[in-house]
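*Asks:* Here you go, one structure.
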Ligand code: UGA
C-alpha cells in the first residue's frame, strides 16, 4: 500500500518504519529541516531498541523516504497518518493546533487535486474525543468528499515500540465507513497473524479507548503506590502483596510495580486531558484527579525518606543518583520523577552527582541545576552520603556491592524502584530504604 506519515516524532518514525517493514511504501513528512536532514542521512533521531536495523533496511529497499513536501506525499499515498504532537495546554487539555493545521493543508491540497482519488486520513496522535469529527469537518469545509477519517490510536511503549508495533495486543480502528474499515483491516492483518483482534468501532469509542487504557494503567500504578506507603506503616511487604494480588487472573501480574510515580510523555498528559474532557462534557471522572495529585506527591517520596533519615537536614550532603530517564531503555526525560527530585534536592542544599546510561544529554534541558554528570556508573558514589536509584536500568540490578560500599561515605541506599532484595541488602551491611518494604 502507499502510505504517508505526517510527523516523524516518536510515533511517526516507529509507525512509518514498521509499515515499510511489512512491504508498504511509506513517505514520511516533517517540516523540521534539521530532523529531516538527519533522517535523510540515515540517522535515527530517537532512541528505540531494534528500530535502527529496520530503518536502514527499508531505506535501502526504497520503501521508506523522507520529505518536507506535504503535497507530494498526499498525492502519492492512499492512507495519510497524522502522527503529530498534541501537547498539554495550560489548562490540561490537549492542544490540537498541529493536527488541525495539517488537516487544513491536506484540505487545500486535495482541493487543488480536484478531489480525484479516495484518501483515508488517520488520526494516530492521541486526540480527545470528537477530533475525528472535527478533522472531517475541516476537510468538508474545503468541499472534499472523497475521503474518510479514521481514528487509530497507538499503544506503543517506549523501549518496546518496535515489538509493540509489529506484534500488537490489539488494533483499534474507529470509523463510520465500511470502505475505510476494509482498507485498514487489510493494512493491519499481517501484524495480527497470531490472532490478536482488530477491533472496529465508531471514532468516538476509539478515541476514548486510548485515554481509557492509559488512565487505567496510571490509576493501577497509583493504587500500588498508595498501597506501598500504607504497607510500610503496617509492616507488610508490598512485593508479597503484589504477588498475592497479581495471581488472581482478574487482576493480572503486570503494571503492579510501585515506585516513585509514573512519568513519561503519555500517562501524565493523558490523565489530565481525560480529566479536562470529562469535565467539559459535564461528566467528571473524579477518580483521575486523585490519581494525578497522588502521583505528584509520590515523585518526592524518596526525598521525604532521605530527610527523615538525616533529621531534616541534607544541606551540603552529596547525593549520588543512578538513573534519570522516566523508565529504562529510553533517553526520554519528559515528566521523569528525577527532574522533580533533583530540583527538590537542590532547593534543600544537597549536592547531586548522577549517572544514566542514556538520558544525560536530554537531562541537561530539564535540570540545569545538576552540578555533576558522570560518565561511569560508580563515579557519582565517590564520597557520597547516600545513593538514590531512580530508574531500574538492568545494569544497576547486579552491581559490585563491595565497590559501592568502599566508595560511599555511608552504606546508605534509597531505592525508588525496588530492584534489590531487602534481606540481602541487610546481610551486605547496607541501610536500605525502598518502596513499601521494610526489613
Ligand atoms: C505508555 C503505555 O504503556 C503505552 O501503551 C502507550 O502507547 C504510551 O504510553 C503512549 O500513550 O504513547 P510509556 O509512556 O512508554 O507507554 O511507558 P510505560 O512503560 O507505560 O511506563 C509509564 C510509567 O509508568 C513509567 O514512569 C514507569 O516507570 C511507570 N510504571 C510502569 C510504574 O511505576 N509501575 C509499573 O508497574 C509500570
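*Asks:* Which order results if 365, 401 are arranged by neighbouring Cβ count within 10 Å, fewest first?
*Replies:* 365, 401
*Asks:* Taking 7 Å along the Cα-to-C-beta vector as the label spot, tell me the residue 423-residue 286 distance in nanometres, rounded to one decimal.
*Replies:* That separation, rounded to one decimal, is 4.4 nm.
*Asks:* Right, something else. In whole percent, what relative contact order does the chain give with Cα contacts below 8 Å and a gap of six or more residues? Mind dumping the intermediate values first?
*Replies:* Details: 838 pairs, mean separation 49.9, N = 439.
The normalised contact order for the chain reaches 11 percent.
*Asks:* Could you check what % of the DSSP bridge pairs in region 1-156 are antiparallel, to the nearest 5?
*Replies:* The antiparallel proportion sits near 5 percent.
*Asks:* For region 337-377 and region 172-251, what is the separation of their C-alpha centers, rounded to whole Å?
*Replies:* Between the Cα centre of region 337-377 and that of region 172-251, the gap is 32 Å.
*Asks:* Just check region 2-200 against the gyration tensor rule for me: Cα atoms, a ≥ b ≥ c as the square roots of the eigenvalues, rounded for a/c under 1.5, and otherwise prolate or oblate depending on whether a/b exceeds b/c.
*Replies:* rounded
*Asks:* Between region 106-134 and region 296-333, how far is it from one alpha carbon centroid to the other, in angstrom?
*Replies:* If we compute the Cα centre of each part, the gap is 45 Å.
*Asks:* Another question, then. Please say if region 298-439 is rounded, prolate or oblate, where rounded means a/c under 1.5 for a ≥ b ≥ c the square roots of the C-alpha gyration tensor eigenvalues, and otherwise the choice is prolate for a/b larger than b/c and oblate otherwise? Don't skip to the answer; put the middle values down first.
*Replies:* On the way: a/c = 1.41, a/b = 1.21, b/c = 1.16.
It comes out rounded by the Cα gyration axes.
*Asks:* Please arrange 322, 393 by counting, for each residue, the other beta carbons lying within 10 Å of its beta carbon, fewest first.
*Replies:* Listed from fewest to most nearby Cβ atoms, that is 393, 322.
*Asks:* State, to one decimal in nm, how far the label point of residue 250 lies from the label point of residue 71, with both points 7 Å from Cα in the Cβ direction.
*Replies:* Reported label-point gap for residue 250 and residue 71 is 6.1 nm.
*Asks:* Against the longest principal axis of the chain, how steep is helix 203-233, in degrees 0 to 90 to the nearest 10, with axes from Cα atoms?
*Replies:* With both axes taken from Cα atoms, the answer is about 0 degrees.
*Asks:* Given R₀ = 45 Å, FRET efficiency for residue 98-residue 375 by Cβ-Cβ distance, to 0.05?
*Replies:* Rounded to the nearest 0.05, the efficiency is 0.75.
*Asks:* By the gyration tensor of its Cα atoms, with a ≥ b ≥ c the square roots of the eigenvalues, what is the shape of region 36-101: rounded for a/c under 1.5, prolate for a/b over b/c, or oblate?
*Replies:* The shape class here is oblate.
*Asks:* A further question on this structure: How much FRET efficiency would the formula 1/(1 + (r/R0)^6) give for residue 236 and residue 395, where r is the Cβ-Cβ distance and R0 is 35 Å, rounded to 0.05? Please report the intermediate quantities before stating the final value.
*Replies:* Numbers: r = 30 Å, r/R0 = 0.87.
Calculated transfer efficiency: 0.70.
*Asks:* When DSSP beta bridges are limited to those with both residues in the chain, what percentage is antiparallel, rounded to the nearest 5?
*Replies:* On the way: 2 of 45 bridges.
Given both bridge residues lie in the chain, the antiparallel proportion sits at roughly 5 percent.
*Asks:* Starting from the Cα-Cα distance between residue 57 and residue 90, subtract it from 0.36 nm times their residue separation and give me the gain in nm to one decimal.
*Replies:* Result: 7.8 nm gained on full extension.
Bear in mind these aren't lab numbers, they're just calculated from the coordinates by the rules spelled out. As the structure is a prediction and not an experimental result, all values here were calculated from the model. Glycine gets a Cβ as well: all are built from the backbone with ideal geometry, and neighbour counts include every protein chain shown.
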